[in-house]
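Below is one structure, written out as structure tokens; the observations come after it.
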Amino acid sequence: MTMPYYVAPEQVMKDRAEYAQKGIARGRALVAVTYDGGILVVAENPSRTLHKISEIYDRVAFAGVGKYNEFDQLRVAGIRHADTKGYAYSRDDVDARSLANLYAQYLGQVFTHEMKPLEVEILVAELGKSEAGNRLYHISYDGTVVDEERWTVLGGDAEVIAGRLETAFAEGWTLAEAVRACVGVLAGPDRELSATDLEVAVLSRTNGTSGGADGRRAFRRIEGGELAALLSGPGAGG
Amino acid sequence: MSLYLFAPGQDPGPSFFELLRRIEPGQGPIWGAPPPQGRSPSGFEVRHGTTIAALRYASGVVMAGDRRATEGPSIAHRSIEKVFPGDRYSAVAIAGAAGPAVEMVRLFQVQLEHYEKVEGTALTLEGKANQLAQMVRAHLPMAMQGLVVVPLFAGWDGLQEKGRIFTYDVTGGRYEETDFHATGSGGRDAKTTIKLGWREELTRDEAVELAVEALFEAADEDAATGGPDPVRGIYPIVATVDSGGFARLDDGEVAERFAAVLHRRERAEGGGSR
């Protein structure tokens, strides 16, 4: 029988954290901000079909960075949780907090007990009836949950981008202002990002109240012409 | 409630119905449960919904249902709803035992939305119709005990650019209707009315009026079908599905259509009382 080498727990955790951080840092960043009509999420993502931002439930959205297959599995698990909960109780009983806690539990469990931590960082956003009810839960690879107030940044270069967003953020700005600022913040001073490099979605309080929809589902992607128009509007480049 | 993660071979995929089976084996939705053997549900009266109708017009489909639920000879509910959105581009109406029928619709709605969210794209109309067929088939054991649920499904087919109507039988058989259909205890009268008034390229307003008239005729002949009730302000539910999606008409518009039908009827009868 072979005895495993002794490795100090501190070292194990540190190695795992480093491994996860490296994986996450390789990916492109994502920012989420509140604006006057809801919550906006902007990600740098050249793919049109492999989404980083998705709908979970009526007023809850999911965003992930890092390894696609890992956060996508979490996304589907989130939809399953929300749909079973809404089906068993009522649609209003589904909230972001309980889902964020489940994710945190799972990520923490994997981080401490499995060989390999998940190389993901995720966001669970919930649109409130008013701005004060908005929730942004930022969950790290080790299960740490941070309840963010007005904005958050996930993924590679998060600290630098957060620094830029801190100065750019304006309380109660419009969607167009917020989109342009977020894109500028993601790109940084030396780059330009066009509509094809971006994935943009909102949880909007005024979503789908026309055209037959009942406005129950607040999630909406902003794509193609609509995104291009927002980006090239007055005051573009800010 | 927990986070449902599955090994690759066990994954229920985008089906909510399969997911329920995995996480609660043997529990499932109430209508999918095996019924007590060898007994019919006698000794209690089951609440029944009655007449529903759907017809195609130039740019979509109209679906309508009366509001009455009966338990045997008595009226159990005056304002039950039998027409529901399936998702944004489809509508489903139910006739039969109200309890399992409403539950089936609820599950069907979650099933469609669940698929759309997991897969990132909505099912085709054909796919939705087949999903509903599977649910009706799963309900067969309860139908054998007398709790029959027969849905009517209609929607806008984005691929073919037209409205389509699907009907079902208790065994889960799925049949596409070319132009119109009505079912439930007053379905026969409603269907005849539509048959006489239907023609190709009806406008939306004409189609709505025809649907309303069909329900009026059904209520006239069938005790279990409720007519318009201006005293309580209860009118049938009428909804349209076109390229813009599902839209339920407000009671005001339905009341107006009823008034138009009644007005025409009064003139035809010459004010006599027959």
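Points to keep in mind about this one:
- Qualifying positions in the range A:55-65 - open to solvent by 10 Å² or more (accessible area, probe 1.4 Å), in contact with a strand residue (DSSP E or B) (Cβ under 7 Å, 6 or more places away or on another chain) and within 11 Å of chain B (Cβ to nearest Cβ): A:GLU55
- Residue in the range B:92-102 that is closer than 22 Å to A:GLU55 by Cα, away from chain A (no Cβ under 14 Å) and either open to solvent by 10 Å² or more (accessible area, probe 1.4 Å) or without any contact (Cβ under 8 Å) to a residue 40 or more places away in the chain (or both) present: no
- Selection of the range B:231-246 for residues being open to solvent by less than 40 Å² (accessible area, probe 1.4 Å) and in a strand (DSSP E or B) yields B:ILE234, B:ILE237, B:VAL238, B:ALA239, B:THR240, B:VAL241, B:GLY245, B:PHE246.
- Only residues that are open to solvent by less than 70 Å² (accessible area, probe 1.4 Å) and either at pLDDT below 80 or under 17 Å from B:THR240 (Cα atoms) (or both) were counted across the range B:41-50, and they come to 4.
- Near pairs, Cβ below 6 angstrom, 6+ apart or cross-chain, from the range A:70-91 (at the interface with chain B (Cβ under 9 Å from one of its Cβ atoms)) to any residue that is in a helix (DSSP H, G or I) and of a type outside the set (A, V, I, L, M, F, W, C): A:ILE79/B:LYS117; A:ASP83/B:HIS114
- In summary, B:VAL208 fulfils each of the numbered conditions (1) within 14 Å of another protein chain (Cβ to nearest Cβ); (2) surrounded by 16 or more Cβ atoms within 10 Å (Cβ to Cβ) with the single exception of condition (1).
- Condition met for B:GLU217 (of a type in the set (Asp, Glu), open to solvent by 10 Å² or more (accessible area, probe 1.4 Å), touching a residue at least 60 places away in the same chain (Cβ under 8 Å) and part of a helix (DSSP H, G or I)): no
- Residue match in the range B:143-157 (condition: part of a strand (DSSP E or B), closer than 15 Å to B:VAL61 by Cβ, open to solvent by 50 Å² or more (accessible area, probe 1.4 Å) and not aliphatic (A, V, I, L, M)): no
- All conditions in (1) at negative phi; (2) open to solvent by 20 Å² or more (accessible area, probe 1.4 Å); (3) more than 10 Å from every other protein chain (Cβ to nearest Cβ) hold for A:SER98, with the sole exception of (3).
- Checked against the criterion of being under 17 Å from A:VAL202 (Cβ atoms), without any contact (Cβ under 8 Å) to a residue 60 or more places away in the chain and open to solvent by 10 Å² or more (accessible area, probe 1.4 Å), the candidates A:SER130, A:SER140 yield just one match: A:SER130.
- Qualifying residue in the range A:174-181 (condition: open to solvent by less than 40 Å² (accessible area, probe 1.4 Å) and assigned to a loop (DSSP other than H, G, I, E, B)): no
- Residues considered: A:ALA104, A:ALA158. Of these, the only one that is touching a residue at least 40 places away in the same chain (Cβ under 8 Å) and within 14 Å of chain B (Cβ to nearest Cβ) is A:ALA104.
- Search result, residues across the range B:47-93 that are assigned to a strand (DSSP E or B) and hydroxyl-bearing (Ser, Thr, Tyr): B:TYR57, B:THR70, B:SER74, B:SER90
- Tally, over the range B:166-212, of residues that are aliphatic (A, V, I, L, M), touching a residue at least 12 places away in the same chain (Cβ under 8 Å), out of contact with any Phe, Trp or Tyr (no Cβ under 7 Å at 6 or more places or on another chain) and closer than 23 Å to B:ARG257 by Cα: 4
- A:GLU121 fulfils the conditions (1) part of a helix (DSSP H, G or I); (2) closer than 26 Å to A:GLU70 by Cβ; (3) at pLDDT 95 or above; (4) not aromatic (Phe, Trp, Tyr) except for a single criterion, (1).
- Here A:VAL7 meets the list (1) free of Cβ contacts under 8 Å to residues at least 24 places away in the same chain; (2) assigned to a helix (DSSP H, G or I); (3) away from chain B (no Cβ under 12 Å) almost entirely, failing just condition (2).
- Answer from B:GLU201, B:GLU177 - the residue that is of a type in the set (D, E, K, R) and closer than 25 Å to B:HIS48 by Cβ: B:GLU177
- Residue match in the range A:30-53 (condition: crowded, with 23+ Cβ neighbours inside 10 Å, of a type outside the set (S, T, N, Q), within 22 Å of B:GLU119 (Cα to Cα) and within 14 Å of chain B (Cβ to nearest Cβ)): yes
- Count of the range B:68-91 residues which are within 12 Å of the chain's Cα centre (by Cα) and in contact (Cβ under 8 Å) with a residue 60 or more places away in the chain: 7
- Among (1) closer than 18 Å to A:GLY66 by Cβ; (2) over 13 Å from the mean Cα position of the chain (by Cα) - the single one A:SER140 does not satisfy: (2)
The values are calculated or read from the model by the stated rules, or taken from the named source; none is laboratory data. All figures in this text were calculated on a predicted structure; none of them were measured in a lab. FYI the Cβ positions are ideal-geometry reconstructions off the backbone, even for glycines, and counts take in every protein chain you see. We work out accessible area using only protein heavy atoms, side chains counted, and drop any ligands, DNA or RNA first. Shrake-Rupley method; radii C 1.70, N 1.55, O 1.52, S 1.80 Å.
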